[in-house]
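There's a structure below that I have some questions on.
Bear in mind these aren't lab numbers, they're just calculated from the coordinates by the rules spelled out. Values in this document were obtained by computation on a predicted structure and should not be read as measured data. Every residue, glycine as well, gets a Cβ built from its backbone with ideal geometry; the counts of neighbours run over all protein chains shown.
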Amino acid sequence: MPSFKKMRFVFILFILFALQTVVFPCQSKSDVLAAETIKIGILEEPKTLNIWFATDAWSNRVLNLIYHPLYIRDPKTLKPVPWLAESAPQFDKDKLSYTVRLRQARWSDGSEFTADDVAFTGNIIRKFKIPRNYSKWKFIKDIEVVDKHTVRFVLARPEAIFLSRTLFTPIVQKKQWESIANEALRSSTPLAQLHRHEVKTPVGTGPFILKNWRQGAYLFLEKNPHFFATGKSIAGYTLGPYIEGIILKAFGTTDAAVLALRKGSVDMFWWGIQPGYIEDLLENRNIRIFTNEKSALYYLAFNLREKPFNDAHFRRAVATLVDKEFIIKRVLQGYALKMQTIVPPGNTFWHCSDVPTYGTNLKMQKRIRRAYDILRKAGYTWRVTPVGPEGKVVKGKAIILPDGTPMKKITILTPPADYDPLRAMIGILIQEWLRKLGIPVTARPMSFGALAQRVKIRRQFDMFILGFGNLSLDPDYLRSFFHSSNNKPRGWNTSGYNNPEFDSLSDRSSQILNLENRRELILEMQRILMRDLPFIPLYDPKLVEAVRTDRFSGWVEMLGGIGNTWSFCLIKPK
């Protein structure tokens with residue numbers, strides 16, 4: 001017979017086990033799914049799930065979780081990494097072709113991903129001249145399906161962006177889109193017909209699929225069971241996804257989204273956070289702030305078609321007066337990098353660090369003296385000279401051009417304060433700095449749509465402050481922004497810059513396939529631009545993002561922030 005003590009011990013264990021079962025019941029499957037589903041705050045819902053019509057940030061963020069390209073960027077080096085492709089493209093110099101071998105992969109509906117899908121994607125872009133993609137595909141003469149897992153691209157001419165942009169295009173499924181495309185091609189307006197097609201269930205090769213979209217409430221994306229990279233090691237990472245899904249909820253305002261993050265209603269806010277929110281967020285020990293560089297450019301531009309902006313001396317004097325250090329420290333509170341050239345410093349391979357600079361680290365009095373010397377030597381005069389014989393700085397008045405005519409009143413166009421208070425404030429600062437030299441200038445906020453009309457279409461402006469928030473890592477945009485052939489209505493050369501030397505270099509750079517040789521040309525193009533100054537680059541804002549650390553970890557930082565493919569394949573529930 002067991003002793004009383006033993007019986008009592010067994011009884012106590014039984015009671016403890018029973019209590020544990022009541023207090024900590026076994027988790028149901030739905031509990032596990034909820035615990036492994038990340039909740040992310042966004043500002044707006046997607047406008048469309050039609051990949052050919054998606055131009056807004058929110059549509060593309062959702063679609064980038066579903067559709068994937070042949071290559072993506074390594075988060076550390078930014079070099080191309082084979083993704084749906086199995087290896088690097090093989091170049092045939094004689095045929096001017098690149099052959100790409102594909103991985104074994106499946107679409108989210110379980111069907112096989114093949115070279116036919118890749119060829120179909122390229123051909124649909126070329127046939128419809130898809131606005132956001134056509135420039136990256138129009139130079140391809142033919143796309144050959146060698147076998148089920150091999151595709152060959154034959155180029156009509158050498159184009160450097162094939163390796164850096166074309167191969168990064170998301171691939172669509174031929175089975176889903178072929179009949180839709182054929183019907184659109186039979187219509188009188190093929191592109192508009194393609195854009196009008198409503199996509200409710202995108203079929204992709206990415207790590208997630210759209211499970212449910214309750215408009216006005218949330219989007220739910222669940223893990224793609226056919227994702228090709230699950231369990232594979234790519235670029236040193238063993239990939240998941242390790243989460244069951246993503247819930248995306250639109251909040252409409254940053255205030256509401258940040259409050260939800262602080263309360264724990266969401267695990268991440270997928271947007272840049274202004275410095276004013278950071279102090280409060282840091283008080284919460286379960287919130288982590290990530291700060292990464294962007295590939296962006298905010299700049300002051302001139303209309304080189306008009307006087308005095310067609311005078312490089314005037315532009316250099318303005319550049320000397322613009323105190324970028326003050327802008328970054330006081331207006332941007334340190335959350336930006338000073339830009340000395342058009343290519344952002346985070347794009348290390350293409351960034352040129354030895355360009356001409358103007359007024360760096362000078363106090364305003366010295367800036368005024370230096371800018372005055374530039375203009376005085378170029379033949380400008382004043383009724384009241386801003387710098388006296390003994391170097392004393394006073395407020396200049398009535399500046400006169402070298403041809404003897406008074407300088408006309410100048411306007412700096414900026415976005416309005418309710419759209420971008422930072423750029424509106426920077427416009428006022430530049431106005432005051434230029435007035436110290438006697439330049440008759442006024443900063444004028446204008447609705448973004450009206451500003452774009454004046455600058456891009458009508459070309460009716462003196463100076464303006466705008467920005468590119470997401471520049472390509474390939475600097476071919478230098479050619480787009482400044483080649484004289486783009487100096488036309490709706491062309492990207494808004495300043496009207498015309499330099500045959502620059503045109504020649506940019507044409508050559510676009511056709512050189514050797515990276516090192518092309519890099520030398522790109523660096524020289526930046527030196528020429530910073531000598532001539534059609535734009536004054538101001539700053540590259542840092543991207544500040546916030547996540548909660550109590551439920552998920554494993555975010556991957558890279559240029560452009562943590563909301564990238566690597567992060568969503570690697571974050572894990574705690």
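In the range 297-541, if every C-alpha pair distance is counted and binned at 10 Å from zero, what percent goes to each bin?
That works out to 7, 31, 36, 20, 4, 0, in percent per bin.
Quick one: putting +1 on the C-beta of Lys and Arg, -1 on the C-beta of Asp and Glu, what dipole do you get for the range 57-196 around its Cα centre, in Debye to the nearest 20?
It comes to approximately 520 debye.
Treating only the Cβ of Lys, Arg, Asp and Glu as charged (+1, +1, -1, -1), what charge dipole size does the chain show about its Cα centre? Round to the nearest 20 debye.
Rounded to the nearest 20 debye, it is 1160 debye.
Let me have the 222 nm mean residue ellipticity of the chain computed from DSSP H runs of 4+ only, each contributing -39500 (n - 2.57), with the sum over all residues rounded to the nearest 500.
It comes out at -9000 deg cm²/dmol, rounded to the nearest 500.
Considering only DSSP states other than H, G, I, E and B, which chymotrypsin sites (Phe, Trp or Tyr not before Pro) in the range 290-364 qualify as loop sites with at most 10 other Cβ atoms within 10 Å?
Passing both the DSSP loop test and the Cβ count: no residue.
A further question follows. Among the listed pairs 223/294; 223/249; 47/324; 93/174; 395/542, which are separated by more than 25 Å between their Cα atoms?
Flagged as over cut-off: 223/294; 47/324; 93/174; 395/542.
Between residue 34 and residue 230, what's the calculated FRET efficiency when r is the beta-carbon distance and R0 is 25 Å? Round to 0.05.
0.75
Hey, if you put +1 on the Cβ of every Lys and Arg and -1 on every Asp and Glu Cβ in the chain, which of 489, 201, 381 ends up farthest toward the positive end of that dipole?
The residue sitting farthest along the positive end of the dipole is 381.
Given R₀ = 45 Å, what would the calculated FRET efficiency be for residue 516 paired with residue 432, taking r from the Cβ atoms and rounding to 0.05?
Efficiency, rounded to the nearest 0.05: 0.50.
To the nearest 0.05, how large is the calculated FRET efficiency for residue 442 and residue 325 if R₀ is 30 Å and r is the Cβ-Cβ distance?
0.80
Moving on to the next point. May I ask which residue of 82, 238, 437 lies farthest towards the positive end of the charge dipole of the chain, with charges of +1 (Lys, Arg) and -1 (Asp, Glu) on Cβ and the Cα centre as origin?
Result: 437.
Here's another thing I want to ask about it. Just add up the charged neighbours of residue 261: K/R +1, D/E -1, any other residue whose Cβ is under 9 Å from the Cβ of residue 261.
So the surrounding residues net to +2.
Please report the net charge: other residues with Cβ closer than 11 Å to the Cβ of residue 87, K and R +1, D and E -1.
+1
What order do you get for 117, 532 when you list them from fewest to most C-beta neighbours inside 10 Å?
Sorted ascending by nearby Cβ count, the order is 532, 117.
Run the quick spin-label model on residue 280 and residue 175: label points 7 Å from Cα toward the beta carbon, then report their separation in nm to one decimal.
4.9 nm
Given Cβ point charges of +1 (Lys, Arg) and -1 (Asp, Glu) and nothing else, what value in debye, to the nearest 20, does the dipole of the range 164-303 about its Cα centre take?
420 debye
Give me the extension gain from residue 253 to residue 238: residue separation times 0.36 nm, minus the current Cα-Cα distance, reported in nm with one decimal.
The span from residue 253 to residue 238 would gain 1.8 nm if fully extended.
Could you list the residues of the range 533-570 with an amide nitrogen less than 20 Å from a label point located 7 Å from the Cα of residue 43 in the Cα-to-C-beta direction?
Those under the cut-off are 539-548, 560-564.
Next question, about the same structure. Give me the base-10 log of I(q)/I(0) for the range 449-574 at each q in 0.10, 0.14, 0.21 Å⁻¹, Debye formula, one uniform scatterer per Cα, rounded to two decimals.
The calculated log intensity ratios at q = 0.10, 0.14, 0.21 Å⁻¹ are -0.48, -0.78, -1.20.
Let me ask something additional. Take the Cα radius of gyration of the range 57-196 and divide it by 2.2 N^0.38 Å, with N its residue count; two decimals is plenty.
This ratio for the range 57-196 stands at 1.05.
Here is a further query. Please pull out the direction-averaged projected area of the chain, using the convex hull of its alpha-carbon atoms, in nm² to one decimal place.
Averaging across all directions leaves 35.2 nm² for the Cα convex hull.
Hey, quick one: spin label on residue 263, modelled 7 Å out along Cα-Cβ, who in the range 31-64 has an amide N within reach, i.e. under 16 Å?
Backbone N within reach: 39-42.
Still on this structure, I have one more. So if each residue of separation counts as 0.36 nm, and I subtract the Cα-Cα distance between residue 480 and residue 211, what length gain in nm does that give?
92.9 nm
Would you mind checking the tilt of helix 115-128 against the longest principal axis of the Cα atoms of the chain, expressed as 0 to 90 degrees and rounded to 10?
Its long axis makes an angle of about 40 degrees.
Quick one: compute a quarter of the convex hull surface over the Cα atoms of the range 185-270 and quote it in nm².
That works out to 9.0 nm².
Grab the Cα-Cα distance for residue 354 and residue 338, subtract it from 0.36 nm times how many residues apart they are, and report the gain in nm with one decimal.
Full-extension gain reported as 4.3 nm.
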